[in-house]
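The block underneath contains the structure these notes are about, expressed in structure tokens.
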Amino acid sequence: MARGTGLTNAPGVWDWDALVQDDRVHRLLYTDPAIFDAEMSSVFGGTWTYVAHESQIPSNNDFITTRLGLRPIIVLRDRDGVTRALFNRCTHRGATVCRQAQGSARVFQCAYHGWTFFNTGELSGVPWPDGYATDLKDEQYNLAQVPRLETYRGFIFATLNAGAVPLTEHLGPMTEIIDQWLDRHPGGRVKLCEANRLKYKGNWKLAYDNAADGYHVKFSHRSLLEMENRLKEGDEKGMSFYKDAPDEAPMYVQYLGNGNHFKDKRPNVEDRPGALWDIEGAHPGMEHFESSIRQRLGDRAEIALDLAASEPVNINIFPNLLILGNHIQVLQPQAVDETDSTWYGTAVIDEEDTLEGAVEEVNTLRMRTMESFPNFGEVDDATNFEEIQRGLAAEEDPWVYMHRGLGIPGRVKTDDRGLITAPATDEVFMRETYRYYKELMADPPTLEIRRAP
Amino acid sequence: MASSPDPSRSSHYVTDAYYADLVVDFTDWQADDRLITEAATREACRAFLEHEARLLDTHRFEDWLRQFTGECLYWVPATPRGGDPRREVAVCLDDRRRLEDRVYRLRTGAAWSQLPASRTARLVSNVEPFATATDDILMVRSNFTLHEFRAGESQLLAGWCAHRLRRTASGFEILVKQVNLLNCDQNLRNPSIII
């Protein structure tokens with residue numbers, strides 16, 4: 001007897017053309033719990049969604065627990081090395097089968113009745129099986145798992161959307177930008193090294209709206225800009241290039257399709273080794289380790305020092321992965337008005353010893369440079385996100401505007417590949433992202449799970 | 001170099017050896033056989049930590065900075081074990097200059113995360129000093145709860161501190177303050193106050 005899977009999304013009950021317009025979006029996108037619930041299926045899991053970095057599960061049987069939208073999942077490398085995302089939900093009564101943040105395990109045993117699963121998702125056994133008339137080998141008792149998991153250069157993405165195009169096709173030109181970010185590192189790889197973990201009482205999209213926003217920097221981050229330049233030594237530090245006329249600076253914002261966008265501040269910085277290091281703000285150990293690295297590497301020291309300095313890019317992969325500076329920032333929605341924003345640090349791996357023994361010193365500096373923005377910048381952004389959430393309680397004044405740059409002839413340019421480029425403070429990235437968002441929400445994708453190991 | 005560089009201007013003291021000592025100094029120091037039971041020292045430590053809490057609760061950040069040595073550290077690990085800060089990021093790890101940066105930022109009038117400023121009340125308790133291999137240096141463990149009220153909402157932080165203190169003619173000065181939040185590896189809302 002066929003039984004329904006219950007996986008079909010609710011039919012659209014919202015007028016998306018009214019909620020998402022060319023120049024503005026409605027407050028309900030940020031405040032309506034029902035829209036949030038729909039996003040947790042249509043967006044998170046409905047499109048390719050970042051779930052983990054391969055450096056978190058380097059060996060067979062390694063796992064982390066996380067979530068895909070609100071679904072608890074275990075992302076792991078199984079006993080044969082296959083990367084999987086298992087639903088962390090016992091098929092018997094629904095309890096989570098893994099309660100650790102990370103670890104290594106060949107099996108997961110539910111703490112409630114002892115049902116036990118291999119890390120392929122397959123049910124390995126239950127206590128007193130002779131009490132069941134049904135065949136426990138039936139696939140329906142295996143852990144559910146995400147049917148499609150693909151990795152691009154260490155970034156593991158998942159989708160429940162059977163019709164999604166392959167990940168690299170979905171990322172499109174974004175792959176080149178990820179390549180550039182990784183290829184500045186020896187071996188083209190990084191590994192995660194703990195995180196600055198923040199939470200704000202606001203909708204997850206407030207952080208995504210901010211991700212390529214060049215308009216807020218001078219205002220939201222005024223305290224950081226003043227702090228970084230208080231000692232007035234050498235070049236202007238950090239994001240000082242935002243302070244006068246950011247739209248006239250060579251940096252730009254770019255939209256690359258499927259909700260993905262890119263803020264490229266590299267053109268503001270001189271194209272020479274050491275230029276990034278020269279604008280890096282003061283941080284613990286800076287002078288000592290710089291001097292030590294210079295002694296060790298001589299005229300190659302700048303290459304190493306630049307690796308400790310922040311890469312001036314924001315690479316934003318919808319809906320939840322923001323690669324910026326040397327961080328891998330991940331957005332995890334908790335509720336319509338609560339979001340976790342985790343800034344994973346990344347460390348340099350130098351297996352070929354291209355840095356001639358300096359990698360440990362580079363990483364020591366890099367840990368400290370990475371702590372700067374979450375401590376002195378992101379806290380102010382997060383406070384502004386919370387204040388937006390408060391402001392949006394005003395029902396009769398529902399619009400959030402994103403029309404900066406819209407309608408100005410010659411300001412926004414589209415090239416033959418369809419990439420859209422605009423000056424740094426333009427909100428075109430937001431307008432285009434909401435166009436993609438509207439497609440997902442207005443025509444929810446069909447979602448599937450898999451039970452075959 | 002004729003004189004040692006000013007740690008408020010440049011950071012020469014945070015070396016690999018400094019980190020290595022830090023990791024050793026903050027591992028396995030809470031041994032019962034090193035607990036100081038002498039009442040006067042225990043009372044002096046308790047009074048010092050209560051004073052420090054009052055400086056922070058009353059936003060006397062510049063006075064608070066003066067409790068530290070020149071070559072000091074303020075460290076809030078992001079893992080319960082503290083880890084090795086050369087290999088992992090911390091919630092914060094401030095040397096002298098960055099600690100002054102932190103206070104400077106709060107005083108700019110544009111640190112939106114502290115406008116309005118948090119009102120805080122710290123309860124410091126379970127103060128236990130421990131002897132170290134160096135006569136004039138103590139390690140002090142204390143538990144804390146920190147009630148924070150800001151922008152109409154309250155939150156509670158809790159955990160324990162490890163202060164590495166040096167005796168001076170007039171009392172103590174702080175070499176290192178390590179703050180161990182119970183939820184250090186969880187997502188923290190607006191971690192913009194000095195803990």
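General observations
- Other residues whose C-beta falls under 15 angstrom from the C-beta of residue B:156 contribute a net charge of +2, scoring Lys and Arg +1 and Asp and Glu -1.
- The chymotrypsin sites (Phe, Trp or Tyr not before Pro) of segment A:82-181 meeting both criteria, a DSSP state outside H, G, I, E and B (loop) and at most 10 other C-beta atoms within 10 angstrom of the site's C-beta, are A:132.
- Of the GluC sites (Glu not before Pro) in segment A:390-453, the ones in a loop by DSSP (not H, G, I, E or B) with at most 16 other beta carbons within 10 Å are A:395, A:396, A:448.
- With R₀ set to 41 Å, the beta-carbon distance separating residue A:356 from residue B:62 gives a calculated FRET efficiency near 0.40.
- Whole-number percent relative contact order across chain B, with pairs defined as alpha carbons under 8 Å at least 6 apart: 23 percent
- For segment A:173-440, size of Cβ-based charge dipole, Lys and Arg +1, Asp and Glu -1, in debye: 440 debye
- Net +/- balance of residues flanking residue A:327 in space, Cβ distance below 15 Å, scoring K and R +1, D and E -1: -1
- Relative contact order of segment A:108-191: 15 percent, from C-alpha pairs under 8 Å at least 6 residues apart in sequence.
- Of A:243/A:263; A:191/A:237; A:265/A:438; A:263/A:438, pairs whose Cα-Cα distance is over 18 Å: A:191/A:237; A:265/A:438; A:263/A:438
- For residue A:21, net neighbour charge (Lys/Arg +1, Asp/Glu -1) across residues whose Cβ lies under 10 Å away: 0
- Cysteines of chain A lacking any other cysteine Cβ under 4.7 Å from their own Cβ: A:98, A:193.
FYI, it's all coordinate maths here, none of it is from the lab. Only a predicted model underlies this, so the values are computations on that prediction, with no experimental measurement involved. Heads up, the Cβs are rebuilt from the backbone with ideal geometry, glycines too, and the neighbour counts pull from every protein chain shown.
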